[in-house]
Amino acid sequence: MFTRTVNISTLSDAKKFVNITSKYDNVRMRLRIDNYEINAHSIVGVLSVTDSGKHPVFTADLPDNDETLLNEIQPFLVSEK
């Protein structure tokens with residue numbers, strides 16, 4: 001399982017993010033803010049987190065050694081301190 005904080009702050013970011021996640025419809029992906037969890041494949045759900053002012057936590061049930069999705073979402077990952 002892959003878990004990282006992501007930054008999706010604009011409508012354009014949301015569209016790009018969902019276009020990427022939609023390519024992997026066989027992988028369970030979620031965005032979580034506080035107690036609110038949404039499907040990361042859903043444009044409506046992703047748009048709902050862009051208005052929160054917080055960075056959601058992205059979780060994906062990735063197969064071992066699958067770097068393709070991680071490379072594609074790299075621009076959205078919040079750097080760890």
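Quick look at the values:
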read-out	value
Enumeration of residues in the stretch 24-56 that are acidic (Asp, Glu) and in a loop (DSSP other than H, G, I, E, B)	25, 34, 51
Only one of 21, 59 that is assigned to a helix (DSSP H, G or I) and at pLDDT 90 or above	21
Cβ pairs under 9 Å, 6+ apart, first in the stretch 47-72 and more than 17 Å from residue 30 (Cβ to Cβ) and surrounded by 13 or more Cβ atoms within 10 Å (Cβ to Cβ), second among the acidic types (Asp, Glu) and modelled with pLDDT of 80 or more	none
Residues located in the stretch 62-79, provided they are under 13 Å from residue 3 (Cα atoms), out of contact with any Ser or Thr (no Cβ under 7 Å at 6 or more places or on another chain) and either modelled with pLDDT of 85 or more or assigned to a helix (DSSP H, G or I) (or both)	69, 70, 73, 74, 76, 77
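Each row is one residue, and each column tells you yes or no for (1) hydroxyl-bearing (Ser, Thr, Tyr); (2) more than 15 Å from residue 74 (Cβ to Cβ).
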position: 1; (1), (2): no, yes
position: 7; (1), (2): no, no
position: 16; (1), (2): no, no
position: 28; (1), (2): no, yes
position: 34; (1), (2): no, yes
position: 50; (1), (2): yes, yes
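The values are calculated or read from the model by the stated rules, or taken from the named source; none is laboratory data. Quick caveat, the model's predicted, so the values are computed rather than measured. All Cβ positions, even for glycine, are placed from backbone atoms using ideal geometry, and neighbour counts span all protein chains on display.
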